[in-house]
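Values quoted throughout were computed directly from the atomic coordinates according to the rules given, and no laboratory measurement underlies them. As the structure is a computational prediction, the values presented were derived from the model and not from experiment. Every residue, glycine among them, receives a Cβ derived from its backbone with ideal geometry; neighbour counts consider all protein chains shown.
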Amino acid sequence: RIGWRTGSVYEWTQHWRVARGLDIPETDLAASRDWRGAANLSEADRAVLQATDDTLDQGMISDAAWEACCLHLATEAERIELVVAIGNWTMFSQLLKSLRIPLEDGVEAWPPDGQAPRT
């Protein structure tokens, strides 16, 4: 989600490749582009995606999104890991874009369909 929202072609493309290597369905990955309209995501997925969008939009997770995350992330360690992951991948997105890190030769951008976000 962060790679998509921030327009980081490297982050989106590499995370897509890793996720597909872990057998995460393309439909689930593609759903993160417009998750509010996706029917195939769980309530836990939606809570995490809302927390991500809140952080990107407001710099923090809203109370409502945090409450939803607490319903699905059972331990404090899991909730802390979520916040750290959002911050970490946001920083890497900025780093990759600022340094203009290119994709490796032969790697196609913006899987699965070459569609980039409108940023």
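Values as computed for the structure displayed
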read-out: Estimated 222 nm signal from helices in the chain, with DSSP H stretches of n ≥ 4 weighted -39500 (n - 2.57), rounded to 500; value: -19000 deg cm²/dmol
read-out: Nearest 10 degrees, 0 to 90: helix 63-72 Cα axis against the chain principal axis; value: 90 degrees
read-out: Label-point gap, in nm, between ARG20 and VAL107 - each point 7 angstrom along Cα→Cβ; value: 1.2 nm
read-out: Simple label model, 7 Å out from Cα along Cβ direction - GLU81 to GLU67, nm; value: 2.6 nm
read-out: Relative contact order %, the chain, counting alpha carbon pairs below 8 Å whose residues are six or more apart; value: 41 percent
read-out: 0 to 90° range, to nearest 10: angle between helix 9-21 axis and the chain longest Cα axis; value: 70 degrees
